[in-house]
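Q: Pasting a structure here, questions to come.
The values are calculated or read from the model by the stated rules, or taken from the named source; none is laboratory data. Just so you know, these numbers come straight off a predicted model, no measurement behind them. Here the Cβ positions follow ideal geometry from the backbone for every residue, glycine too, while neighbour counts run over all protein chains shown.
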There are 2 protein chains.
Amino acid sequence: MGMKEIPYKIYLEEKEMPTQWYNVRADMKNKPAPLLNPATLKPMTAEELEHVFCAELVQQELDDTNPYIDIPEEIRGFYKMYRPSPLVRAYCLEKKLQTPAKIYYKFEGNNTSGSHKLNSAIAQAYYAKKQGLKGVTTETGAGQWGTALSMACAYFELDCKVYMVKVSYEQKPFRREVMRTYGASVTPSPSETTNIGKQILKEHPGTTGSLGCAISEAVEAATSVEGYRYVLGSVLNQVLLHQSVIGLETKAALDKYDITPDIIIGCAGGGSNLGGLISPFMGEKLRGEKDYRFIAVEPASCPSLTRGRYAYDFCDTGRVCPLAKMYTLGSGFIPSANHAGGLRYHGMSSTLSQLYDDGLMEARSVEQTAVFEAAVEFARVEGILPAPESSHAIRVAIDEALKCKETGEEKTIVFGLTGTGYFDMVAYEKFNNGEMSDYIPTDADLEVGFKGLPQV
Amino acid sequence: MGMKEIPYKIYLEEKEMPTQWYNVRADMKNKPAPLLNPATLKPMTAEELEHVFCAELVQQELDDTNPYIDIPEEIRGFYKMYRPSPLVRAYCLEKKLQTPAKIYYKFEGNNTSGSHKLNSAIAQAYYAKKQGLKGVTTETGAGQWGTALSMACAYFELDCKVYMVKVSYEQKPFRREVMRTYGASVTPSPSETTNIGKQILKEHPGTTGSLGCAISEAVEAATSVEGYRYVLGSVLNQVLLHQSVIGLETKAALDKYDITPDIIIGCAGGGSNLGGLISPFMGEKLRGEKDYRFIAVEPASCPSLTRGRYAYDFCDTGRVCPLAKMYTLGSGFIPSANHAGGLRYHGMSSTLSQLYDDGLMEARSVEQTAVFEAAVEFARVEGILPAPESSHAIRVAIDEALKCKETGEEKTIVFGLTGTGYFDMVAYEKFNNGEMSDYIPTDADLEVGFKGLPQV
């Protein structure tokens, strides 16, 4: 078989784009544990879930048997506007590192939301539209998910209510304005628009909000008005399903050039990007067809996989959502101010948690300054300014490539470059000025979070 | 001939990318007028220009006979990291407008500099490196050119000194930090680092700077230290030459699907994007092979083509640069606060000025609120949040498509989408809040600028 020259960027043609999502749960022997009703501690039924989520998304959430689910025509049309995303051969980074390793990255930042979040946002908006809803509600912290959802709702002309953590609303006015430009209403949380918001404001008059509080408000806003549902950008099984488009495209692009990766790396907050990227490869591993190493990278300041417990826990700090079995630091764990806002989540996707617990995936935690060093090194040779979240994966990809340099091994490394850092310049400024520091929680710090775990 | 289905995005393969730039001056009967030495009023010689610019770039600046110039291997390597840029069929915009017109846009925003500026920045950095220089200096207003040059210099490990207009330095800290992340030194202008800066600070202690002042400082910084040259991101012939990669790719992509455009539209500040986009098509028109309509779009607040004079003028408000013959409002014209910073230039590329004067190109001016209306309409259906500059072209593309709706004509419209608006959210916020207004200079306003034109 002749060696084809590998271009800098491998693009699929439109006709090569996936027409179905891949549901990795179908191939798992040990299925992820079901969501529990916090009142009864029994598995949530479809009917219960449909009060909060769109009906068809509930089906996807509960479906752990069908390996492939058709991507509706309308969603494929939207995907064609910004997908396929490029699989890039990092020739310049390889040269800079002088490594024999071959490095590839799947770049999901080439859309206005700036990240992979749009892949699931458009799907969730589509099903809401199909169900005849007026709109959807959600929460956002740093704003990537909120931006993606605003774009998706604008496309389907759905109303979009975003509860944005007040401190971000004030400190990140640019993200807020992108959402408003796409027609979303953005409310700083806590707010006077919900009962839970009013209560929190009464108890904590000066609070700048939290993601947990914003979730509670968004859920209340969805369930208290006719024609609305709540949507979520990570953690859930349905989100991993939609994000499988990342892995399917990656695999198709690699297959075109007969490339088999040795290691696949992704950053992990709630797990949506990593789960999406590795799903089809994990499927091959689960079916015994091929073997790969998978590495989840998390911040040392919020180490849910590497130092958390595998237990039932609340998905939100406000404790209004169902219980999920996952690797968790406890819903009461308050991560320190790490700039990778998207990775500051106490838990982890149930699916990824089960795969990790079964020894099918590795996890590694990295410190913030080392992450930004990798980000800047990458940016200067590969051009793209990466998001702090994505840079966690860059750090470990570089580390693995440097190991190859020592051993002389020509490993093929693939990592997920989930997004761009254009709205993260405050963090870069801190790094550029030498003012960034690291923080690793002590065992005692973690004990505080673990003590709050529910008794299930 | 069978009709091929046209995908949402037409990508060229790497092997289809241009290997030569196209120099439209070679095919012009009336050549653009030469730059004049402001002291002698005689054409600038290569020797004189080489005090300020890199030697090989001076050759390109003066060459109006060779139609094709090889793109060096090293530049083509860098281009492969972010090029080819997609030519997008605006299916969703067409549907929204219900127009029979077919709309395409060449999207140059998919790189960290956020615009087409990188195409020339990497070329200019390459020639500086080849000449053995230590570094380059430049000025930047809004920061797109400075960002592009910082990225290019990081790639070739050249020192990069950017003089950033003080008001932007303070109000646009994010752009500043992107440049610093790529290793550039960014100095607010006027500064104490140059004689001209000191002088200006002495005369105007509270000044927030201007582009003209920053140019003067950058030129002084380049010419007063060994091993440095000054580089410029627009207006010059060499820049149009490098930017021809936009038009060459566009033409190659259209040719693949046997598409012939009727109208080609671009925004015009100094002319680098428009000149690059239309060059190869203009070449066909100049050689009598085909006919196209070309429309340059400028802000009504800074109407150099539509209301300016065709005359010799200073390229910079500081009057340290050579004189160029161009459509100009006078180097003393102060445009009102229009948010499209990249279009607030008093003059216009000499090449484009000559083509316009010869009746080979049209020009249209549009008002700011109408531009942002078009920007938001576009963003909501096509996903991409456009830069205010680029949105001038969107406005006219939509206007032309709506005319087709009235007449029923199926015209093919191509426009240049030069960049993204992620760093322009202050302007979007103003628009979203209904606080944006229009400004059109009176004839008396323009007379002030015309009075300052040099007597040549």
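Q: How many of the residues making up segment A:112-157 are away from chain B (no Cβ under 12 Å) and over 20 Å from A:Y422 (Cα atoms)?
A: Qualifying residue count for the region: 18.
Q: Here is a follow-up. Kindly evaluate A:R76 against the criterion of being within 13 Å of chain B (Cβ to nearest Cβ), closer than 23 Å to B:S85 by Cα, surrounded by fewer than 21 Cβ atoms within 10 Å (Cβ to Cβ) and out of contact with any strand residue (DSSP E or B) (no Cβ under 6 Å at 6 or more places or on another chain).
A: yes
Q: Going through segment A:383-398 one residue at a time, which ones are within 13 Å of A:P100 (Cα to Cα) and either within 13 Å of another protein chain (Cβ to nearest Cβ) or over 22 Å from the mean Cα position of the chain (by Cα) (or both)?
A: If the condition is that a residue be within 13 Å of A:P100 (Cα to Cα) and either within 13 Å of another protein chain (Cβ to nearest Cβ) or over 22 Å from the mean Cα position of the chain (by Cα) (or both), then no residue fits.
Q: Scan segment A:49-83 for residues that are of a type in the set (A, V, I, L, M, F, W, C) and in a helix (DSSP H, G or I) and jot them down.
A: A:L49, A:A55, A:L57, A:V58, A:L62, A:I75, A:F78, A:M81
Q: Continuing with the same structure: Looking at (1) touching a His at 6+ places or on another chain (Cβ under 8 Å); (2) modelled with pLDDT of 95 or more, which one does B:T223 not meet, given that it meets all the others?
A: (2)
Q: Determine if segment A:115-129 includes at least one residue that is without any contact (Cβ under 8 Å) to a residue 60 or more places away in the chain, charged (D, E, K, R) and more than 30 Å from A:D262 (Cβ to Cβ).
A: yes
Q: Follow-up question, since we're still on this one. For segment A:319-337, what are the residues that are of a type outside the set (A, V, I, L, M, F, W, C), closer than 30 Å to A:Y422 by Cβ and surrounded by fewer than 21 Cβ atoms within 10 Å (Cβ to Cβ)?
A: A:S336
Q: Determine which single condition B:S390 fails, assuming it passes every other condition in (1) out of contact with any helix residue (DSSP H, G or I) (no Cβ under 6 Å at 6 or more places or on another chain); (2) surrounded by fewer than 24 Cβ atoms within 10 Å (Cβ to Cβ); (3) not hydrophobic (A, V, I, L, M, F, W, C).
A: Condition not satisfied by B:S390: (2).
Q: Right, another one. Filter segment B:322-360 down to the residues that are modelled with pLDDT under 95, of a type in the set (S, T, N, Q) and touching a Pro at 6+ places or on another chain (Cβ under 8 Å) and list them by number.
A: B:S336, B:N338
Q: Shifting gears a bit: Return only the number of the condition from (1) surrounded by fewer than 24 Cβ atoms within 10 Å (Cβ to Cβ); (2) at positive phi; (3) modelled with pLDDT under 95 that B:G209 does not satisfy.
A: Among (1) surrounded by fewer than 24 Cβ atoms within 10 Å (Cβ to Cβ); (2) at positive phi; (3) modelled with pLDDT under 95, B:G209 violates only (1).
Q: Based on this model, can you work out whether B:K95 counts as within 11 Å of chain A (Cβ to nearest Cβ), at pLDDT 95 or above and either surrounded by fewer than 24 Cβ atoms within 10 Å (Cβ to Cβ) or under 21 Å from the mean Cα position of the chain (by Cα) (or both)? Break it down into steps so the answer makes sense when it comes.
A: Details: within 11 Å of chain A (Cβ to nearest Cβ): yes; at pLDDT 95 or above: yes; either surrounded by fewer than 24 Cβ atoms within 10 Å (Cβ to Cβ) or under 21 Å from the mean Cα position of the chain (by Cα) (or both): yes.
Spelling it out, B:K95 is indeed within 11 Å of chain A (Cβ to nearest Cβ), at pLDDT 95 or above and either surrounded by fewer than 24 Cβ atoms within 10 Å (Cβ to Cβ) or under 21 Å from the mean Cα position of the chain (by Cα) (or both).
Q: Next question, about the same structure. Pairs, please: C-beta under 6 Å, at least 6 apart or cross-chain, first residue more than 14 Å from every other protein chain (Cβ to nearest Cβ) and in segment B:426-454, second surrounded by 11 or more Cβ atoms within 10 Å (Cβ to Cβ) and β-branched (V, I, T)?
A: B:D438/B:T369
Q: Go through B:T351, B:T328 for me and flag whichever is under 17 Å from the mean Cα position of the chain (by Cα), of a type in the set (V, I, T) and more than 22 Å from B:Q455 (Cβ to Cβ). Give the derivation first.
A: Working: B:T328 fails: more than 22 Å from B:Q455 (Cβ to Cβ).
B:T351 is the lone residue from the list that is under 17 Å from the mean Cα position of the chain (by Cα), of a type in the set (V, I, T) and more than 22 Å from B:Q455 (Cβ to Cβ).
Q: For segment B:116-129, does any single residue satisfy the condition of being among the polar types (S, T, N, Q), out of contact with any Ser or Thr (no Cβ under 8 Å at 6 or more places or on another chain) and surrounded by fewer than 24 Cβ atoms within 10 Å (Cβ to Cβ)?
A: Within segment B:116-129 (the criterion being among the polar types (S, T, N, Q), out of contact with any Ser or Thr (no Cβ under 8 Å at 6 or more places or on another chain) and surrounded by fewer than 24 Cβ atoms within 10 Å (Cβ to Cβ)), the answer is no, since none of the residues qualifies.
Q: Sticking with this one: Among the residues of segment B:1-14, which ones are out of contact with any strand residue (DSSP E or B) (no Cβ under 6 Å at 6 or more places or on another chain), under 29 Å from B:E73 (Cα atoms) and either outside any loop (DSSP other than H, G, I, E, B) or more than 14 Å from chain A (Cβ to nearest Cβ) (or both)?
A: Passing the criteria: only B:E14.
Q: Still on this structure, I have one more. For residues that are of a type in the set (K, R) and modelled with pLDDT of 85 or more, tally how many sit in segment A:158-174.
A: So the count comes out to 2.
Q: Same structure, new question: Among the residues of segment B:425-440, write down those that are surrounded by 15 or more Cβ atoms within 10 Å (Cβ to Cβ) and at positive phi. Can you show your working first?
A: Kept after step one, since they are surrounded by 15 or more Cβ atoms within 10 Å (Cβ to Cβ), are these residues of segment B:425-440: B:425, B:427-432, B:436, B:438-439.
Across segment B:425-440, there are no qualifying residues.
Q: Testing A:R25 on (1) basic (K, R); (2) surrounded by 19 or more Cβ atoms within 10 Å (Cβ to Cβ); (3) touching a strand residue (DSSP E or B) at 6+ places or on another chain (Cβ under 7 Å), one condition comes back false. Which one is that?
A: Against the list (1) basic (K, R); (2) surrounded by 19 or more Cβ atoms within 10 Å (Cβ to Cβ); (3) touching a strand residue (DSSP E or B) at 6+ places or on another chain (Cβ under 7 Å), A:R25 comes up short only on (3).
Q: Among the residues of segment B:409-417, is there at least one that is under 17 Å from B:P100 (Cα atoms), buried (at least 22 other Cβ atoms within 10 Å of the Cβ) and of a type in the set (V, I, T)?
A: Our first condition is that a residue be under 17 Å from B:P100 (Cα atoms); within segment B:409-417, this holds for B:409-415.
This time we only want the ones that are buried (at least 22 other Cβ atoms within 10 Å of the Cβ), so: B:413-415.
Next, only the ones that are of a type in the set (V, I, T) stay: B:413-414.
The answer is yes, given that some residue of segment B:409-417 is under 17 Å from B:P100 (Cα atoms), buried (at least 22 other Cβ atoms within 10 Å of the Cβ) and of a type in the set (V, I, T).
Q: Another one. Conditions: (1) in contact with a Ser or Thr (Cβ under 6 Å, 6 or more places away or on another chain); (2) within 30 Å of A:L385 (Cα to Cα); (3) surrounded by fewer than 24 Cβ atoms within 10 Å (Cβ to Cβ). A:E220 meets all but one. Number of the miss?
A: Tallying (1) in contact with a Ser or Thr (Cβ under 6 Å, 6 or more places away or on another chain); (2) within 30 Å of A:L385 (Cα to Cα); (3) surrounded by fewer than 24 Cβ atoms within 10 Å (Cβ to Cβ), A:E220 fails exactly one: (2).
Q: Next question. Can you name the residue in segment B:35-48 that is in contact (Cβ under 8 Å) with a residue 60 or more places away in the chain and assigned to a loop (DSSP other than H, G, I, E, B) and, of all such residues, is nearest to B:T351 (Cα to Cα)?
A: Across segment B:35-48, the extreme among qualifying residues is B:L35.
Q: Residue under question is A:M17, and the condition is that it be within 14 Å of chain B (Cβ to nearest Cβ), of a type in the set (A, V, I, L, M) and touching a residue at least 12 places away in the same chain (Cβ under 8 Å); does it hold?
A: The answer is yes for A:M17.
Q: Can you find a residue in segment B:415-430 that is at pLDDT below 95 and more than 30 Å from B:Y82 (Cα to Cα)?
A: Checking segment B:415-430: at least one residue is at pLDDT below 95 and more than 30 Å from B:Y82 (Cα to Cα).
Q: Something else now. Determine if segment A:260-280 includes at least one residue that is in a helix (DSSP H, G or I) and more than 14 Å from the chain's Cα centre (by Cα).
A: Within segment A:260-280, one or more residues are in a helix (DSSP H, G or I) and more than 14 Å from the chain's Cα centre (by Cα).
Q: Let me ask something else. Quick test of your reading of the structure: B:N110 fulfils all but one of (1) buried (at least 24 other Cβ atoms within 10 Å of the Cβ); (2) touching a helix residue (DSSP H, G or I) at 6+ places or on another chain (Cβ under 7 Å); (3) of a type outside the set (A, V, I, L, M). Name the failing condition by number.
A: Against the list (1) buried (at least 24 other Cβ atoms within 10 Å of the Cβ); (2) touching a helix residue (DSSP H, G or I) at 6+ places or on another chain (Cβ under 7 Å); (3) of a type outside the set (A, V, I, L, M), B:N110 comes up short only on (1).
Q: Shifting gears a bit: Need a quick list: strands (runs of 3 or more DSSP E) entirely within segment B:289-382 having at least 1 residues that are within 14 Å of chain A (Cβ to nearest Cβ). So that I can check it myself, show each step before the final result.
A: Working: elements: B:293-299, B:309-314, B:323-328, B:362-366.
Strands (runs of 3 or more DSSP E) meeting the threshold: none at all.
Q: Right, next: Identify all residues within segment A:393-418 that are in contact with a helix residue (DSSP H, G or I) (Cβ under 7 Å, 6 or more places away or on another chain), farther than 19 Å from A:T260 by Cβ and part of a helix (DSSP H, G or I); write none if there are none.
A: Selection gives A:I394, A:R395, A:I398, A:L402, A:K405.
Q: From the list A:N119, A:N110, which residue is closer than 25 Å to A:T412 by Cβ, under 20 Å from the mean Cα position of the chain (by Cα) and part of a helix (DSSP H, G or I)?
A: A:N119
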